[in-house]
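Coordinate-derived values only; no laboratory data. Because the structure is predicted, anything quoted here is derived from the model rather than measured. All Cβ positions, even for glycine, are placed from backbone atoms using ideal geometry, and neighbour counts span all protein chains on display.
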């Protein structure tokens, strides 16, 4: 009797008079076993965990009080709530649960169940995935220190972050993007409230119930304020010409940009090292790589220069350049020119390498 390679019946060998079927090659047996087991096992429920700052509080009653306050305002993984929105909006709560489903499918591997950046893949990645629980986001259209607008988070999801492991999700439905962004805001607001309460508990060794509404109001106000804090250019965008790029290079060298980014934009300086707000080592970008993490459009670069980058040593230049707004556009023109050199095959002139070796002479073309 002919059989396939994966199924063979040997009628000459039997057990208790029944044919012994050599049914399974290893791949088929493994697949069937996995299918059987997956059908029998119930998926583990999603659980949010508290930060180390909370778990290290020595007073168990204080820890329980803190967790209780956070859960009362942020809900649970089973019933997520956004602190800054109505907690009794049935449709919005369903929207958040949908966002959670999208998050668990596409984001949890890197950002972790609780949004703390400690997903299963995180240990293999550099830069590290974003930890939302501090409520800090790098690439915003709002002033330095402000929360992002929803549109900022949607933009990051859609375009990804060039040069990192954050991919672009530009082919998934708007419904999914909007839902997952709101769920990320849930994790961020929950983490932010927890962090503020933990710092207060650590310092005061108690949480005065009379002051809890102030902590909650602070979180709400910060996110609500961001909605109307879009940074507009000080002057309209001009044509970004070669002449502007040359003026931009002069400003780049004289306004302090080259201190970290280097004279050639590569970032090869002794000052190009620091810590970000999450405690990770960080460096100013190599502008010649063509990978501008916060976006490639002129307005993206403009806002990075004007506002700085949250959570990093990159400062904003609004106070120093407000009186000469055209200089900001000149810098934008220069950054675009530098970042496109490799793309267009243009030779990149060498800059000063002295910071690495104070005894070395300057490199020239």
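Its alpha carbons give the range 52-226 an Rg and a Dmax of 16.2, 49 Å.
Arranged from fewest to most other beta-carbon atoms within 10 Å of their beta carbon, 309, 172 become 172, 309. Here the peptides 133-142, 290-299 are ranked by packing, the mean other Cβ count within 10 Å, and the order with the highest first is 133-142, 290-299.
If I model the range 255-319 as equal point scatterers sitting on the Cα atoms and use the Debye formula, what is log10 I(q)/I(0) at q = 0.18 Å⁻¹? Debye output, listed in q order: -0.67.
What the Cβ-Cβ distance of residue 210 and residue 88 gives, at R0 = 25 Å and to the nearest 0.05, is a FRET efficiency of 0.50.
Exposure proxy for 76, 84, 55: other Cβ atoms within 10 Å of each Cβ, ordered fewest to most, give 55, 76, 84.
Of the residues 260, 107, the one with the fewest other Cβ atoms within 10 Å heads the list, and the complete ranking is 260, 107.
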